[in-house]
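Encoded as structure tokens, the structure appears first; notes follow it.
The values are calculated or read from the model by the stated rules, or taken from the named source; none is laboratory data. Note that this is a predicted model, so its numbers are computed, not measured. A quick note on method: Cβ atoms are made from the backbone with ideal geometry, for glycine too, and the neighbour counts reach across all protein chains shown.
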Amino acid sequence: MKIGIDIGGSHIAMGVVNNNGILVEKLEKNLTKIEKENLMENIEDYIVKNFFTLSNKYNIEIVGLAIPGTVCDGVIISAVNLGIKNYKIIKNLQEKINLPIILENDAKCAAIAENLYGCIKGYSRIVFLTLGTGIGGAAFLDGKLLRAGIRPGYEFGHMVIQKNGIECNCGRKGCFEKYASMKAFKNKLREQLNLDKTISGVDLLEIIKNTNQDDPNYRKIESVISEFLEDLSIGICNLINIFEPEVIGIGGSFVYFKDIFLDRLKNNIKKENIKREGRNEILIKTANLGNDAGIIGATIKL
């Protein structure tokens, strides 16, 4: 058995995964405002406490961490959406947990899990995106995860799609994730509808579904969706031009909105795709493993 841990800026989930990639038990926690002030200290405490709880029930052989940022040799080099740089998380945890611990970018963890067990299984050339607080990504060639070198690379979210655009936490302006992440979409929708910032994604989805064409807010919602999908299409078409994938997988909270977004996104990309002669239609699929993909993928060492 293995333990996978998926860490975010406001949420942490950990679970026990068997050798067939099946999640057999899961624990999760939303971090309070006070806990976020000492984020990594509280995350480490949570991991250690629950590791011993789970290891008393299961024979654990390895622990894997999925982090939304750039990682290398057991160090979080940079996690801009967590406000962390050069954090030696593996060293800290191994002072209390006497097992092998592996560290990987969360989008790559989700992609690895979906490649082995989910929506992109069986394809050779693959691009995978996670849309959430930011945009993470991974690419596969001949079924193998591509890596850039010393650092994992393939930071699709920090590809610039708007010159002199919105400033990103990474220090650049106009990054893909500032326009086409689910956080960007939800914030824009709350702003246009004059909603409280605490309105959840679940509630936003219900508002969209229950707003008809006679409602004064319909045009505002439609405008936000259209702009979001246009920006998302720009980034995806850039990736298509670079990687020429057979399939594009999309995970993260985008999956919960797929009934609203997916067909329109496919149509946008199809219009761009046919402009280049000899190009086959590219499959666009949503993740099968949901929010468990990061936990499962964190336990798989490639």
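Only one residue in 180, 138 is of a type in the set (A, V, I, L, M, F, W, C), within 19 Å of residue 241 (Cα to Cα), touching a Phe, Trp or Tyr at 6+ places or on another chain (Cβ under 7 Å) and modelled with pLDDT of 95 or more. Which one?
180
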Practice task
Inspect region 95-116 for any residue being touching a residue at least 40 places away in the same chain (Cβ under 8 Å), assigned to a helix (DSSP H, G or I) and over 30 Å from residue 248 (Cα atoms) and give the result as yes or no.
Solution key: no
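Taking residue 260 as the residue in question, decide whether it is in contact (Cβ under 8 Å) with a residue 40 or more places away in the chain, of a type outside the set (Gly, Ala, Ser) and crowded, with 20+ Cβ neighbours inside 10 Å. So that I can check it myself, show each step before the final result.
Values: in contact (Cβ under 8 Å) with a residue 40 or more places away in the chain: yes; of a type outside the set (Gly, Ala, Ser): yes; crowded, with 20+ Cβ neighbours inside 10 Å: no.
So residue 260 fails the test.
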Exercise for the section: Please work out which one of (1) modelled with pLDDT of 85 or more; (2) assigned to a loop (DSSP other than H, G, I, E, B); (3) crowded, with 16+ Cβ neighbours inside 10 Å is the condition residue 14 fails and give its number. Expected result: (2)
Problem - Scope region 57-74; condition free of Cβ contacts under 8 Å to residues at least 24 places away in the same chain and either closer than 29 Å to residue 24 by Cβ or part of a strand (DSSP E or B) (or both); matching residues - result: none
Problem - Test: residue 109 is within 17 Å of residue 155 (Cβ to Cβ) and under 16 Å from the mean Cα position of the chain (by Cα) - result: yes
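To keep it simple, each residue is scored yes or no on (1) surrounded by 16 or more Cβ atoms within 10 Å (Cβ to Cβ); (2) of a type in the set (Gly, Ala, Ser); (3) at pLDDT below 95.
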{"position": "32", "(1), (2), (3)": "no, no, yes"}
{"position": "36", "(1), (2), (3)": "no, no, yes"}
{"position": "39", "(1), (2), (3)": "yes, no, yes"}
{"position": "80", "(1), (2), (3)": "yes, no, yes"}
{"position": "85", "(1), (2), (3)": "no, no, yes"}
{"position": "102", "(1), (2), (3)": "yes, no, yes"}
{"position": "107", "(1), (2), (3)": "yes, yes, yes"}
{"position": "124", "(1), (2), (3)": "no, yes, yes"}
{"position": "131", "(1), (2), (3)": "yes, no, yes"}
Problem - Lone qualifier among 225, 242, 250 - being exposed (fewer than 14 other Cβ atoms within 10 Å of the Cβ), of a type in the set (A, V, I, L, M) and under 30 Å from residue 115 (Cβ atoms) - result: 242
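Filter region 59-71 down to the residues that are surrounded by 15 or more Cβ atoms within 10 Å (Cβ to Cβ) and not aliphatic (A, V, I, L, M), then identify the one that is modelled with the lowest pLDDT.
Step one: list which residues in region 59-71 are surrounded by 15 or more Cβ atoms within 10 Å (Cβ to Cβ), which gives 60, 62-71.
From what is left, the residues that are not aliphatic (A, V, I, L, M) are 64, 68-70.
Values: 64: 96, 68: 86, 69: 83, 70: 86.
Residue satisfying both the conditions and the ranking: 69.
When the residues of region 155-170 are filtered to those that are hydrophobic (A, V, I, L, M, F, W, C) and outside any helix (DSSP H, G or I), which remaining residue is farthest from residue 228 (Cα to Cα)?
170
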Exercise for the section: Scan region 175-200 residue by residue and report those that are part of a loop (DSSP other than H, G, I, E, B) and within 19 Å of the chain's Cα centre (by Cα). Expected result: 176, 181, 200
